[in-house]
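Following: one structure in structure tokens, then a few remarks.
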Amino acid sequence: MKWLKQIYDCLYAYKQWFLMLVATSLLFSFLAWLAYPETFNVLVGLMIVFTLAMVSLSVFIINKKQKIIEAAFQDFLLEPNEANEERLCRVSPKTHWSYIRSMGGIIRSYQSELNDQVIELTDYENYIEGWVHEIKKPLSLMTLVLDNRSDEMSPLVRKRMLHIRDQMLGDVERILYFARLGAVHKDYIFESISLLAVCKQTIEDHQTLLDESGFQIQFIGEDMEILSDCKGLAFILEQLIFNSTKYVVQNQDNPILKFEMVYDEVSEQTILHISDNGPGVSEEDLPFIFDKGFTGGRGTYTRQATGMGLFLVSKMANDLAIQLDAKSELDSGLTISLIFPHVKQ
């Protein structure tokens, strides 16, 4: 039925000319009736055949030319250089040439600006990634000194230095991940992993940060196997730990971080609830905590609020097909649930 639509579109686009042709045929039919009444039927038949033939030929020619124009227009849109612009002008009506040339100039101008921005963005991403790799060298040296020269510093100083190092490493990881958000290819490896083991390993890797904030860690529920990317999941857990330690209220007694593993038999999904007893989030701020740059009312608790941690969590969770859910009340802590997809073996 595509050809019927093409015929209809052609007749509709040039309806005034076809109506003029039909009106002319009717006029000549009337004149033939007046002048040659004895041969009127023959003449009218010839006029009808001639009119239909002219309409059919016109539709055929117009459709064929329209296809040529569409092909030239597609090439012009894909690559709006001057050669394709001239080719489009040659197959288009002369009255359209000025518009085509004006459009070509505007598109090339925007394309040049876009190419410049892409180059600048690529250079910026390369600089950020290079800076991240360079900053890891002094951090590695710092770790080496803390491991081999611990007897030359007091336990308190060493504890504080480890805390600062872990904070810097977390910031570096966030910068590197954010710089790679737009990457087309991501090296995720999905495998069966122990949820409890990943949680405990992440806690161990950031123990000094938790000790500095005075957090107690609690694990609730039985260990469960999930299918996910170990590094990606660890990154999510790291950001949630940083988020809880960042917003711990000054002089808060007994800050607690809970990891609760639950299996929902109805949906056949594994759920990990991560909750703290910090300042919580107000009801009006809660729907926006995963938005980029959002700090909300809770940002007043600390000058370090950037609104990037939970945004990166949401991006990584989306890549790993993990659903996020947040529940909180002001002054009652925050609970973020990781709902892992049900995968049929």
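The values are calculated or read from the model by the stated rules, or taken from the named source; none is laboratory data. Owing to the predicted nature of the structure, the values given are computational and were not obtained by experimental measurement. Because the Cβ atoms are built from the backbone with ideal geometry, glycine has one as well, and the counts that use them run over all protein chains shown. Accessible surface areas use protein heavy atoms only, side chains included; no ligands, DNA or RNA. Shrake-Rupley method; radii C 1.70, N 1.55, O 1.52, S 1.80 Å.
Values for this structure:
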{"read-out": "Filtered residues of the stretch 103-151 (kept if among the hydroxyl-bearing types (S, T, Y) and without any contact (Cβ under 8 Å) to a residue 12 or more places away in the chain)", "value": "S109, Y110, S112, T122, Y124, Y127, S140, S150"}
{"read-out": "Residue in the stretch 28-37 that is under 30 Å from L4 (Cα atoms) and open to solvent by 70 Å² or more (accessible area, probe 1.4 Å) present", "value": "yes"}
{"read-out": "Selected residue (criterion: modelled with the highest pLDDT) from residues of the stretch 274-292 that are outside any helix (DSSP H, G or I), open to solvent by 20 Å² or more (accessible area, probe 1.4 Å) and in contact with a Phe, Trp or Tyr (Cβ under 7 Å, 6 or more places away or on another chain)", "value": "F290"}
{"read-out": "When residues of the stretch 176-207 are limited to those that are open to solvent by 60 Å² or more (accessible area, probe 1.4 Å) and part of a helix (DSSP H, G or I), the one modelled with the lowest pLDDT", "value": "F178"}
{"read-out": "Residues being touching a Leu at 6+ places or on another chain (Cβ under 7 Å) and closer than 29 Å to L19 by Cβ - total across the stretch 60-87", "value": "1"}
{"read-out": "Among the residues listed as L114, L121, L141, L88, the single one being more than 30 Å from M168 (Cα to Cα) and surrounded by fewer than 12 Cβ atoms within 10 Å (Cβ to Cβ)", "value": "L114"}
{"read-out": "Members of the stretch 217-247 found to be hydrophobic (A, V, I, L, M, F, W, C), outside any helix (DSSP H, G or I) and open to solvent by 40 Å² or more (accessible area, probe 1.4 Å), listed by number", "value": "I217, F219, I220, L227"}
{"read-out": "Failed condition for T95, given (1) farther than 27 Å from L19 by Cβ; (2) exposed (fewer than 11 other Cβ atoms within 10 Å of the Cβ)", "value": "(1)"}
